[in-house]
Amino acid sequence: MARLPTEIRAALEGVIPASIGTCSLDGTPNATYVSQVFYVDPEHVALSFQFFNKTVRNIEENPRACVIVTDPISAQAWTLEIEFERAEETGPVFDQMEMQLEAIASMQGMQDVFKLRAAHVYRVTEVRPGMGAPG
Amino acid sequence: MLPIDAPMLDELRRHIHGAPSMLLASSNDERRPAITRVVGAMLDDDGTHVRLMLAKPVASPTIDNVRRNPRVAFTACHLVTFETYQLKGVIVASDDASPAELAIKDIFLTKFVAAMASKNLPPTYLANMTRLRDALSAAPAYALRLEIHEVFSQTPGPNAGCRLWAKES
């Protein structure tokens, strides 16, 4: 178990889209972008589950994922190693994520596309500051 | 095996060479995924391979992974439209980037930061991105050669994940 440092919080506001890597059991990786990596508590983050996509199918097979989040001011990037714990379809985390997702969708012109089905809560197992790399 | 058809190849070339946001996912022996950003890419003329440049200061886990498990996923997302493609396949070579490949990296970084400047992002962020661009331009890089086995659409929405082409189909 790792703890999220205080200075990572700005990178979890959803201003700069985050990216996620997952892997199926047969060893085929998948890379995509996620609208939200939401701060739950110092040891957990939640990712928005919107579509039944390859990321979700991989996590059902293999709960480990790797996420990159970026601070919208300093451009500092952080790599999080995370493991899926549970899905929440109601409750305070879901409600706050739904509200934040609406704001993100509005900012990106994606109001008709983004809809939160569940908050997927992950345990943070490692946090590494990295070189904020464009791309 | 059918090659990627010409219109799709043109579309992929326009997309990848247009300074999108780019990611490369890999995994180790224990199926633990790693992800890194790609700082330059070029599709070969025949569309069978794409060369990917990775900045050495952030690429070590990926390089270690692909030497054990060459399967990777490369994703490129347009900064404004969010149009996204994912190419899956295997890494068939990984070396230090050549002078020509370093030039591709520098062109990408310049175009990428210019594209970011067109978005409504905080000025401080853009200033820091420019500083990072300069640091990355000066950094050494790896060049990986990805043999393309599958092409997927990954534009956000219900059709994300739709397979557009497969080498074996």
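The values are calculated or read from the model by the stated rules, or taken from the named source; none is laboratory data. Remember, predicted model here, so these are calculated numbers, not experimental data. Ideal geometry is used to build each Cβ from the backbone, glycine not excepted, and the neighbour counts take in all protein chains shown.
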Return yes when residue B:144 is farther than 27 Å from residue A:57 by Cα, modelled with pLDDT of 90 or more and buried (at least 19 other Cβ atoms within 10 Å of the Cβ) and no when it is not. yes
For residue A:84, are the conditions met, namely being aromatic (Phe, Trp, Tyr), facing chain B (nearest Cβ under 9 Å) and either under 20 Å from residue A:29 (Cβ atoms) or in a strand (DSSP E or B) (or both)? no
List every residue pair whose Cβ atoms sit under 6 Å apart, with the two residues 6 or more apart in sequence or on different chains, where the first one lies in segment A:31-60 and is in contact (Cβ under 8 Å) with a residue 24 or more places away in the chain and the second, anywhere, is small (Gly, Ala, Ser) and in a strand (DSSP E or B). A:34/A:18; A:35/A:48; A:36/A:48; A:37/A:18; A:38/A:46; A:40/A:46; A:46/A:119; A:49/A:118
Within segment B:1-33, which residues are of a type in the set (Gly, Ala, Ser), surrounded by fewer than 24 Cβ atoms within 10 Å (Cβ to Cβ) and more than 27 Å from residue B:117 (Cβ to Cβ)? B:6
Could you list all residues from segment A:1-34 that are closer than 25 Å to residue A:99 by Cα, at the interface with chain B (Cβ under 10 Å from one of its Cβ atoms) and assigned to a loop (DSSP other than H, G, I, E, B)? A:15, A:16, A:17
So, residue A:56, is that one closer than 29 Å to residue B:91 by Cα, in a helix (DSSP H, G or I) and more than 8 Å from chain B (Cβ to nearest Cβ) or not? yes
Subset of segment A:75-114, residues touching an Asp or Glu at 6+ places or on another chain (Cβ under 9 Å) and surrounded by fewer than 15 Cβ atoms within 10 Å (Cβ to Cβ), comes to A:111
Hey, among B:146, B:109, which residue is touching a residue at least 40 places away in the same chain (Cβ under 8 Å), touching an Asp or Glu at 6+ places or on another chain (Cβ under 9 Å) and either under 30 Å from residue B:7 (Cα atoms) or of a type outside the set (Ser, Thr, Tyr) (or both)? B:109
Within segment A:68-81, residues being in contact with a Gly (Cβ under 8 Å, 6 or more places away or on another chain) and in a strand (DSSP E or B) number 5
Where in segment B:28-80 are the strands (runs of 3 or more DSSP E), entirely inside, with at least 3 residues that are within 11 Å of another protein chain (Cβ to nearest Cβ), touching a residue at least 24 places away in the same chain (Cβ under 8 Å) and within 17 Å of residue B:150 (Cβ to Cβ)? B:71-77
Which of the following residues is under 30 Å from residue B:132 (Cβ atoms) and in contact with a helix residue (DSSP H, G or I) (Cβ under 8 Å, 6 or more places away or on another chain): A:55, A:70? A:70
Is it the case that residue A:65 is free of Cβ contacts under 8 Å to residues at least 40 places away in the same chain and part of a strand (DSSP E or B)? no
